[in-house]
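Quick notes on the structure that follows.
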Amino acid sequence: MKYLYFSTLLTLITCQSYMPWKSEWKTVNGNEVFYAAVSAKASNQAIESGSLAMRRTTCVNATNLLSTSPKLTTILLEQESIQLDEVEIKDLGRLIATHKIKPKQDSCQSEESGMFFSSPAWETCQCLYAIEYPGGRKQFRQDITQIK
């Protein structure tokens, strides 16, 4: 009987599938918070080394770099389905910068489901960043309207 439980558990673990996160607004403790899903790739050196720890570290570091770039402005705009021209995007970026928003890493996952042996795990990854936009989604929409 123990063998059956162990076998079932092992099967569940190895068949676990990757579920991508999506960028979205959520209400947390009464405040609207935007969660941005940022994907990145481990460095080529880490991938070639075969080191799982090195792949994970370089992949997560790459998402950290992307989370402080205009990439987050793009993700926010995509969520609102709003098209801005290049000048408007720069103006919005400056406005967002005045808020001094610091995205906080919530969690990270490998984008590979992989198996235990010779897994490509952490060659690509996705991290979720919490963005507390002052005034929440309503204020973000007003700021966009102000830019246009």
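Charges only on Cβ, +1 for Lys and Arg, -1 for Asp and Glu: so what's the dipole of region 31-148 about the Cα centre, in debye to the nearest 20? Rounded to the nearest 20 debye, it is 340 debye. With 24 Å as the limit on Cα-Cα distance, the pairs of LYS41/LYS138; LYS41/LYS104; LYS26/LYS90; LYS26/LYS104; LYS41/LYS100 that go past it are LYS41/LYS138; LYS26/LYS90; LYS41/LYS100.
With contacts taken as Cα pairs under 8 Å and at least 6 residues apart, region 26-147 reaches a relative contact order of 38 percent. Summarising the label geometry, the points placed 7 Å from Cα in the beta-carbon direction at ASP85 and TYR18 lie 3.9 nm from one another.
The listed peptides 101-111, 122-132, ordered by packing as a protection proxy, come out as 122-132, 101-111 (highest mean of other Cβ atoms within 10 Å first). Sorting the segments 33-43, 75-85, 52-62 by their residues' average number of neighbouring beta-carbon atoms within 10 angstrom, most packed first, yields 33-43, 52-62, 75-85. Take 25-31, 135-141 and order them by the average number of nearby Cβ atoms within 10 Å per residue, most first; the result is 135-141, 25-31.
Could you tell me the calculated FRET efficiency between LYS138 and SER107, based on Cβ-Cβ distance and R0 = 25 angstrom, to the nearest 0.05?
Once rounded, the FRET efficiency stands at 0.40.
If you look at the Cα atoms of region 26-147, you get an Rg and a Dmax of 16.8, 53 Å. Run down the aspartates and glutamates and flag those whose C-alpha is under 16 Å from the C-alpha of LYS102, throwing out any fewer than 8 positions away in its chain. Cross-link targets: GLU32, GLU132.
Values quoted throughout were computed directly from the atomic coordinates according to the rules given, and no laboratory measurement underlies them. Remember, predicted model here, so these are calculated numbers, not experimental data. Backbone-built Cβ (ideal geometry, glycine too); neighbour counts: all protein chains shown.
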